[in-house]
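Everything below concerns the one structure shown next.
The values are calculated or read from the model by the stated rules, or taken from the named source; none is laboratory data. Since we're looking at a predicted model, the values are computed, not measured. Cβ: placed from backbone, ideal geometry, glycine included. Neighbour counts: every protein chain shown.
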Amino acid sequence: MRRMMMLAAMAAWAGWAGAAAVENDFLLQTKSTTMAFHKSGDTWLLVHYGAKIEKSGDANALAWNGWVGNSFFGHRKPATYSVYGSDNDRSTMNKFGGLAVIHADGVTSTELVAQGAKTVEDKAGVTHLVLELKDSVYPFFVTQHFRAVEASDVVETWVEIRHDEPAAVKLVRMDSVALVFPLLAKEYHLLSLTGQWASENQLTEAPVALGQTVSMTSRSGVRSAFGNNPAFMLSVGPQASETAGRVIGGALAWSGAWTISIQHDFIDALAINVGPDTGNGPYTLDAGKTLATPKTVLTYSAEGKGQISRNLHRWARDHQLRDGHMLRPVLLNSWEGAYFDFNEKTLTDMMDGVKELGGEMFVVDDGWFAKGKYARDDDKRGLGDWVLNDAKLPKGLGALADEAKTRGLKFGIWVEPEMANTTSELVDKHPEWVLREKTRPLRQGRGGTQVVLDMTNPALRDNIYGQMDALITSIPGLAYIKWDANADFMNAGSTYLAADRQPNLWFDYTAGLYDLLGRLHAKYPDIMMKACSSGAAHMDYGFLHFADEFWTSDDTDARQRVFIQWGAGHFYPACAMAAHVTVSPNEQTHRSTPLKFRFDVAMSGRLGFELHPKNMTPEDLAFAKKAVVDYKRLRPVIQQGDLYRLVSPWDHSYASLMYVSDDKSKAVVFLYGLNRGIMSDFPAPLPLQGLDLGKRYRVTEINKEKRDHSRVSGQTLGGAALLGMGLPVKLVGDYDSAVFELVAE
C-alpha cells in the first residue's frame, strides 16, 4: 500500500545524501526568480515569491509584517503551509488552511512547528529544499518539498504526511500548496481553461474580487481536465497581457479529483490552495503510512503570460514528459478512417497510404479486441478483454506490426484499461472489480454498458498489467500505445476498500493508476504513449509523467482546433499536442475547410492524420506529401522551440502564433484566417517576438498554393526590423492561412 500511495520514490529524512542544514533564512533561486523563506519563531514563512533578489534581509524587510491583517484568522502570517488550526500565535486561529486534520482523539486543529530544514543533493541545475514540520502536541509530521528548476524558472512543491498516533487520522483537506501572500497587490485576475467534450481548452479570465474566493474543481475521478483543467495563471495587479505584467502560473500534476482555490481576502491578502479533492468525506490515513500529495509546479513572470507558458513548456520537456526532447513522429490513426469497420486489408491499405504521405507510424484504434459474443464491433462490449479478435484479424497483431515494418513504419495500438463493459469476460468473472455502491443499482455509461474499474484493488491492477504485458509481448517492436479513458466515476464505491475507507477512493484510484502505469513504463521504457480520455481529459501533468503526448480533442475540425490548441498551449508544449489532419466536411462539425488550412493548423502541434488516404484526390496527395516533408524539416523548431502567441483568435477574425528555436536561428510563424466578416479586414503586420535583434532572417512562405501571403516572402530582413515593424501579411476569404519559415543567414 505504501508503494501505491507514493507518487515518487522519496528518501527518508535521515538518509538524504549530501544534505546541508538551513538555519533561519534561505533564498531558493531559479534563473530569474526567488522564493525567500524566513523562520519566525517556530513557523517557516514564505516572505517573497517573484523577481530575483540576492539578500534575504531585503526580503524580510520589504515583505510581511504584523501591521497587515492584524487579526484575520491566522492569515496574517504567510506560513509555507497554511493549516486549519493555530499559526503559533496564541491570539489567532486559522480556519481556512490547506491541511485540515481530525486527529485520532477527535481534535480538529493542527499546529505545525518547524523541526529542521535542509537542502539535499538533486539533479544538476535543481535546488531541493526540505522543511520538516511537526504538530506541537501530536506525533503528526509534514515534510514539505520545494525543488527549484533553474533553467525554466519553475518550482515544484508537494508535501508528505505521516503520523504515529494511536489510531487512524482523517485528512479533510490535504493540499499540495497552501500559501498566503499578504498585500502583493490590490487586484488579481484569474485565467484558466474550461470546456467539455469536443470543446476543451476554452479560455476564461476574470477578476478575483475583494473578499472573494474563486474555486476550480474536478470530481470526475478519471477525466481530470474536463470542466476545468488543473492549471491557472494569476495576474498580480492589473490584468497582464502576453508580454507585460506580473503573473503567477501553476499546474497540478494529478489525474484524479482536484481543487484549486484563489482567495482575495478583505485585507487584500492572497491565498492559493492547490491539491487533490477528497470527495464526499475525509481520507483515512493509518499510523506508520506516508501519503505524498501530487506535486504542483509554480512559475513567475514579470513579462506577461507568454513567459509563463514558455517556462512551463521548457520544464515539461526537460523534467516531466517521459522523453520531452524526442522528435514526435508523423502518424496515421485509424479511427476516423475506419471506426469499428475494418479488416486486415483495410489496415494495410491505410499503411500504404500513410507511407506514401511520408508518415512514420500507423496506429490501430478501437475495435481490434475481444472474442465471440463480446467481440468489439461497437462500443457496447469487449472492454476489459485485451485479447485479439482473431475473427477480424486472423493473422494477428504481430503480423500487422510486421506489415508496418516492411513499409518502414512503426506500429501502435489503442487500449482503454481503466474501463470495462459489463458485457465482457472480465466483468463476468470479476464483477467485484467494478466500482459500485453496494446498495444501489449499477450506473453505466457509454454504450449503456461501460463502467470504471477499481484501480484501488491490487488484484485488478495485476490482472490489467498481465493483460497489457501479454499484449505488448505479442507485438514485437510495438512502439506506441494510445491509452484512452471514456468515463467518469459513476459509482463512487469500492468493494475492495473497507466501509470506513470509501472516501479514500478519490485519491487511491489515481495512486493505483499511477502504480500500474509506472510498472508498465519500467518494463517498456521505450514505448511511446498518448494520454487520451474522450479527447483532452487526460491533459494533465500527472498522466503526462508517463506519456509523451495528449490527444487535444475529439473535435478535429480545423477551425475549432485553432481555439482548442490555442488554449492548450497556455500550459502544455507543442511536442505533446497531437493535432491531426482529417476529412472535409469534418466528421464532428460537418464544416468544410481547405486542405491547406487543415494542414497549417495541425502543423502547429505534433502532426498526424485521422482519415483513409485512399479517399484523397491526387492533387490533395501531392500537397500533403510536400507538407509532410516541410513539417519534418520544421518540427525541431515547432516541437522544441519557444512559443509566442501573436494574435488571439478570441479577439480577432484571424490568429497567429510562432515558435523560435533555442538559439534563435530559426522560427516558424502560423497565420490562420477564421470567418472573415469583412473582406477588407486584413491583418496588421504580425508583431513578431523572440528573434535575435542582431541576426538577419530569410523569410520563406511554405505550404503555398496560388497566392503569396506576404510581400516580403523570399527576402532577408533584420531581426530588429521584424521585431520593431512586424511581418506584413494578407488573408483572403474564410479559412485562408499561411506558414512562414524564418532562417538566420
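Just one of (1) assigned to a loop (DSSP other than H, G, I, E, B); (2) under 18 Å from Gly256 (Cβ atoms); (3) not polar (S, T, N, Q) fails for Glu437. It is (2). Annotation for the stretch 730-744: at least one member residue is out of contact with any Ser or Thr (no Cβ under 6 Å at 6 or more places or on another chain) and farther than 20 Å from Pro649 by Cα. Taking the listed residues Leu722, Leu742, Leu731, the one that is closer than 27 Å to Cys575 by Cα, in contact (Cβ under 8 Å) with a residue 40 or more places away in the chain, buried (at least 18 other Cβ atoms within 10 Å of the Cβ) and out of contact with any Asp or Glu (no Cβ under 8 Å at 6 or more places or on another chain) is Leu742, with no other qualifying.
Among the residues of the stretch 159-190, those identified as at pLDDT 95 or above, over 25 Å from Gly279 (Cα atoms) and assigned to a strand (DSSP E or B) are Tyr188, His189. Of Tyr524, Tyr509, all but one fail to be of a type in the set (Ser, Thr, Tyr), crowded, with 19+ Cβ neighbours inside 10 Å, outside the structural domain of Leu312 (by TED's automatic domain parsing) and out of contact with any strand residue (DSSP E or B) (no Cβ under 6 Å at 6 or more places or on another chain); the exception is Tyr509. For the stretch 284-294, the condition of being farther than 21 Å from Ser661 by Cβ, charged (D, E, K, R) and surrounded by fewer than 22 Cβ atoms within 10 Å (Cβ to Cβ) holds for at least one residue. A Cβ distance below 7 Å, combined with a sequence gap of six or more or placement on separate chains, defines the contacts here; from the stretch 455-478, residues that are closer than 30 Å to Asp402 by Cβ reach residues that are small (Gly, Ala, Ser) in the pairs Ser474/Gly398; Ile475/Gly398; Ile475/Ala401; Pro476/Gly398; Pro476/Ala401; Gly477/Ala401; Leu478/Ala401. Lys39 meets each of the listed conditions (1) touching a Ser or Thr at 6+ places or on another chain (Cβ under 9 Å); (2) at pLDDT 90 or above; (3) farther than 21 Å from Ile248 by Cβ apart from (1).
Here Gly690 qualifies as closer than 17 Å to Ala574 by Cα and either in a loop (DSSP other than H, G, I, E, B) or of a type in the set (D, E, K, R) (or both).
Each row is one residue, and each column tells you yes or no for (1) closer than 24 Å to Gly718 by Cα; (2) of a type outside the set (D, E, K, R); (3) assigned by TED's automatic domain parsing to the domain that holds Gly733; (4) buried (at least 19 other Cβ atoms within 10 Å of the Cβ).
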| residue | (1), (2), (3), (4) |
| --- | --- |
| Glu587 | no, no, no, no |
| Arg591 | no, no, no, no |
| Phe597 | no, yes, no, yes |
| Asp600 | no, no, no, yes |
| Gly608 | no, yes, no, yes |
| Lys614 | no, no, no, no |
| Phe623 | no, yes, no, no |
| Ala627 | no, yes, no, yes |
| Asn675 | no, yes, yes, no |
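Among the residues of the stretch 535-549, the ones that are closer than 18 Å to Ala479 by Cβ and in contact with a helix residue (DSSP H, G or I) (Cβ under 6 Å, 6 or more places away or on another chain) come to 2 in all.
Once the stretch 408-441 is narrowed to residues that are in contact (Cβ under 8 Å) with a residue 40 or more places away in the chain and surrounded by fewer than 16 Cβ atoms within 10 Å (Cβ to Cβ), the residue that is farthest from Pro458 (Cα to Cα) is Gly408.
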